[in-house]
1. Please order K114, K23, K107, K5 by the number of other Cβ within 10 Å, starting at the fewest.
2. For M102 and A8, what does the FRET efficiency come to when R0 = 22 Å and r is the distance between their Cβ atoms, rounded to the nearest 0.05?
3. If the label point is 7 Å along Cα→Cβ of T36, which residues in segment 1-21 have backbone nitrogen under 13 Å from it?
4. Computed on alpha carbon atoms, what radius of gyration and Dmax characterise segment 2-65, expressed in Å?
Amino acid sequence: MFGEKVRALRLQREMTQKELAEKIGVSTRSLINYETGKCHPRQASVVAKLAEALGVTADFLFNDRECMSKTSEAMDAENLVQQLSALFTGGKLSKADRDAAMQSLQKAYWDGLKTEE
């Protein structure tokens, strides 16, 4: 399960094995071994870097009871927030367009809550 999670999260982040391996300071072969379940990182520092690079906790990577779909949704939400933050702070939207985007986001939130009831 550890390897499957690492691979799924890496793909969600649109990273190659080489990119992730370089980011966490291991060889591409080591990362491939992690993803295929042949081994796990031995050093806690590598686990910490891997979790950070993938946007999850180390506990999540090793906990088989966690649900990937929940993490996928959480990661999608995190990516959306990052994109909106970049758009609002560094984008070239007018104030009216920023207000309209925020109102649309709030409407989607409230509509989503209504469907849960």
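1. Ascending number of Cβ neighbours within 10 Å: K114, K107, K23, K5.
2. After rounding, the FRET efficiency stands at 0.10.
3. Counting only backbone N, you get no residues.
4. When restricted to the Cα atoms of segment 2-65, Rg and Dmax are 10.2, 29 Å.
Since every read-out is calculated from the coordinates, none of them should be taken as a lab result. Everything quoted here is computed from the prediction, not taken from an experiment. Quick reminder, even Gly has a Cβ in these numbers, built from the backbone with ideal geometry, and neighbours come from all protein chains shown.
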